[in-house]
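Heads up, the thing below is written out as C-alpha cells.
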Amino acid sequence: MAFAPLGYGAEVILANGDRYIGEVVDGVLSGKGTYIWAVGDRYEGNFANDQPDGLGTYTWIDGRVYEGQFANGWRQGQGQLRWANGDFYQGAFVANAMHGAGTFIWANKDRYQGEFANNRRVGRGVMVWHTGQSYDGIFENDRMHGQGRLKYVDGREYQGAFVAGLKSGEGTFSWPNGNRYVGSFAQDQRSGSGVFLWRDDTVYRGQFSGNKQHGYGVKELLNNVSELQVWREGEIVGSTRIAENEYCVLQHLQRAWMFSATTCVNGLAHGKGVAVSLDGDFVVADGVFVLGQFVAGELIEIPPKVTSMRVGNSNG
C-alpha cells in the first residue's frame, strides 16, 4: 500500500489496483474520501474503520447509482438507488437490500409504494401500473397475496383474497354496469359457491366453475318467484319454480321442502330425486326419501342472500 499526501488527505494505492483518495487517521480510512475499485466501481462519501459509513454515493460500472446512508460498508438506512435502465427506488435499506418502507418506480412508469423485504414487495403496499390499473393490499414474494383491492382500467373491481397473484378465496367482483358477484374464487375465476346480482335486482345463488354457472342454484326474480336451476358449464339444463307440493310433503332441517315424484305416498315425499327447501337455502341431490323423511343424498348448501344493489348482464 502506498500513500501520497494530498491537499485534504492522502492517496492510497492498493496492490490489487484499488485506489483511495481522502482522509486517513492512524493508517485507517476515516472521514471523507473517494474509493475507486480496480473494476471501475466508485464510492464517494464518509468512511469509518476502512468502510463506507455515513452518507455517500456508490456508482457501479454497470450504471447503477446509490445515494444515501451506509453502515460498516453496507447500504443501511435511507437511500435511493437508480438503475441504468431508468428504474428507481427510494426508501429503507438493510444489509444492502431494499427492506422496509419504500417506493419503486419502473422505467415504464409502473409504481409501487409500500413494504419491502430482501428486495421483494412483502407486506402492505399500493401498486399502480402505467396503464391505470391499481392494487391496494398485501404482497408476498413480489405478488398479490392476501387481502386486497384490484381496480381495472375499464372500471371492473375485485376486492377479496389473492393467492400467488391470482384471485383465490372469498371476494367480491363488480362491473361498471352495476352487476356484482360475491363468493368463492379459484385460480382467478369464479369457482365454488357464490351469488350473482344483476342491476334489475335478479339474484342467482348457487354453484360456479370456470367463471360460469355450473351445478345447482336458485334464481330469485323480482316478483318473489324463485326457481331451482341446474347448470352445466354456463348452459341451463333444468329450471323448476319453487313451490310447495301438497302431494309430496317433506320436512327436513326444520324447514319445508319441495319434492316432486310419481312415487309419493299419502301426500308424503317418497322415492328418489332432487329436493329444494322452500327458502332456497338447501338442495338435496340424488336424494332418497321414505314417507316424508330424508334417508340419503347429497346436501348442498346454497350461499346465503347478500344485500342487493341496483346493479345489466355480464359476460366478464
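Bear in mind these aren't lab numbers, they're just calculated from the coordinates by the rules spelled out. Nothing here was measured: the structure is a model prediction, and the numbers come from that model. Because the Cβ atoms are built from the backbone with ideal geometry, glycine has one as well, and the counts that use them run over all protein chains shown.
The figures follow:
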read-out	value
Charge-dipole axis of the chain as Lys and Arg at +1 and Asp and Glu at -1 on Cβ define it, positive-most pick from Gln90, Tyr58, Gly132	Gly132
Under Karplus coefficients 6.51, -1.76 and 1.60, residue-wise ³J(HN,Hα) of segment 215-230 in Hz, glycine/proline x	x, 8, x, 10, 9, 10, 9, 5, 8, 6, 9, 10, 10, 7, 10, 10
Which of Pro304, Ala107, Leu250, positive extreme of dipole for the chain (C-beta unit charges)	Leu250
Which of Gly27, Gly17, Gly192, positive extreme of dipole for the chain (C-beta unit charges)	Gly192
Which label in (1) 81, 55, 34; (2) 113, 37, 26; (3) 76, 45, 37 gives the computed Cα extents along the principal axes in Å	(2)
Charge dipole magnitude, Cβ of K and R +1, D and E -1 - the chain, Cα centre, debye nearest 20	640 debye
Amide hydrogen neighbours beyond the local backbone of Asp110, cut-off 5 Å, H modeled	His130
Using θ = phi - 60° and Karplus 6.51 cos²θ - 1.76 cosθ + 1.60, couplings along segment 155-161 (whole Hz; Gly, Pro as x)	x, 5, 8, 10, 10, x, 8
Normalised contact order of segment 1-61, rounded percent, pairs of Cα under 8 Å and 6 or more residues apart	21 percent
At R0 = 51 Å, FRET efficiency that the Cβ-Cβ distance of Leu299 and Ser134 yields, to 0.05	0.80
Lysines with Cα under 23 Å of Lys32, excluding same-chain neighbours fewer than 8 positions away	none
Dipole moment magnitude, nearest 20 debye, segment 1-61 about Cα centre, only Lys, Arg, Asp, Glu C-beta charged	140 debye
Loop-resident sites, segment 224-284, for trypsin sites (Lys or Arg not before Pro), counting at most 13 other Cβ within 10 Å (DSSP)	none
Residues whose placed amide H lies under 5 Å from that of Phe282, excluding near-sequence neighbours	Ser277, Ile302
